[in-house]
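*Asks:* Before I ask anything, let me first share the structure, which is written out below as structure tokens.
The values are calculated or read from the model by the stated rules, or taken from the named source; none is laboratory data. As the structure is a computational prediction, the values presented were derived from the model and not from experiment. Using ideal geometry, Cβ is built from the backbone for each residue, glycine included, and neighbour counts are taken over all protein chains shown. With ligands, DNA and RNA removed, areas are computed over all heavy atoms of the protein, side chains included. Shrake-Rupley method; radii C 1.70, N 1.55, O 1.52, S 1.80 Å.
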Amino acid sequence: MTEPEGHPPRGHLLLPHTADVIVEAWGANEVECAEEAAGALIEVCVSGQPAPDEASLVTTIEAVRSRELVEAVLDETVFALDTSELVPVAATLEGSVDGGFELRMNVAHRDVVRLTGAAPKAVVMVNFEGGDGGTPSRCRFIVDV
């Protein structure tokens, strides 16, 4: 994968695919890449604002290598999109004291968000680059809907 021409140092693209969606996400490091990937996955399915009470789902992700971090974040996002009346509308990652991460997904009630697509059934990681030694990180994955 190459840096998209004229795109910011952090972001994502949704690309058409025969029956699914291909997502490319990138950031300065694996954390930013994982946040962008989760945000893009959410964008494929729902659009909405967080609940007024700032409700959120928090998941702990153990310390993992770069690609595994992105995969774990995507797996948790798929699970949240498919299993709860509270659906994620935004996601952030923060380092935890044990060297792992906390994935915080701001949520909204399913009946107040706009569904923009079917709930994802799975994510297949196609490619991951970077994340080691401060290199920019990029990933490409297919969202199976």
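*Asks:* Looking only at strands (runs of 3 or more DSSP E) that lie completely in segment 45-115, which have at least 2 residues being closer than 19 Å to Ser137 by Cα and not acidic (Asp, Glu)? Write out each step before concluding.
*Replies:* Values: elements: 56-61, 86-95, 101-109.
So the answer is 86-95, 101-109.
*Asks:* Look at Asp75 and say whether it is open to solvent by 80 Å² or more (accessible area, probe 1.4 Å) and over 17 Å from Ala38 (Cβ atoms). Please lay out each step first, then the result.
*Replies:* On the way: open to solvent by 80 Å² or more (accessible area, probe 1.4 Å): yes; over 17 Å from Ala38 (Cβ atoms): no.
Answer is no for this residue.
*Asks:* Every residue in segment 5-44 that is open to solvent by less than 40 Å² (accessible area, probe 1.4 Å), under 15 Å from Thr116 (Cβ atoms) and either of a type in the set (Val, Ile, Thr) or at pLDDT below 90 (or both), please.
*Replies:* Asp20, Val21, Val23, Ile42, Val44
*Asks:* Right, something else. Just name the residue that is nearest to Gly39 (Cα to Cα) out of those in segment 98-114 that are surrounded by fewer than 13 Cβ atoms within 10 Å (Cβ to Cβ) and in contact with an Asp or Glu (Cβ under 9 Å, 6 or more places away or on another chain). First the steps, then the outcome.
*Replies:* So in segment 98-114, the residues surrounded by fewer than 13 Cβ atoms within 10 Å (Cβ to Cβ) come out as 98-99, 111-112, 114.
If we keep only those that are in contact with an Asp or Glu (Cβ under 9 Å, 6 or more places away or on another chain) as well, we get 98-99, 111.
Numbers: Asp98: 25, Gly99: 23, Asp111: 20 Å.
The residue in question is Asp111.
*Asks:* Next up: Going by what's in this entry, would Glu43 be described as touching a residue at least 60 places away in the same chain (Cβ under 8 Å) and either among the charged types (D, E, K, R) or out of contact with any Lys or Arg (no Cβ under 6 Å at 6 or more places or on another chain) (or both)?
*Replies:* Working: touching a residue at least 60 places away in the same chain (Cβ under 8 Å): yes; either among the charged types (D, E, K, R) or out of contact with any Lys or Arg (no Cβ under 6 Å at 6 or more places or on another chain) (or both): yes.
Here the answer is yes, as Glu43 does meet what is asked.
*Asks:* May I pose another question? So if I check each of Gly131, Gly117, which one is modelled with pLDDT under 85, in contact with a strand residue (DSSP E or B) (Cβ under 7 Å, 6 or more places away or on another chain) and open to solvent by less than 40 Å² (accessible area, probe 1.4 Å)? Steps first, please.
*Replies:* Working: Gly117 fails: in contact with a strand residue (DSSP E or B) (Cβ under 7 Å, 6 or more places away or on another chain).
Being modelled with pLDDT under 85, in contact with a strand residue (DSSP E or B) (Cβ under 7 Å, 6 or more places away or on another chain) and open to solvent by less than 40 Å² (accessible area, probe 1.4 Å) holds for just one of Gly131, Gly117, which is Gly131.
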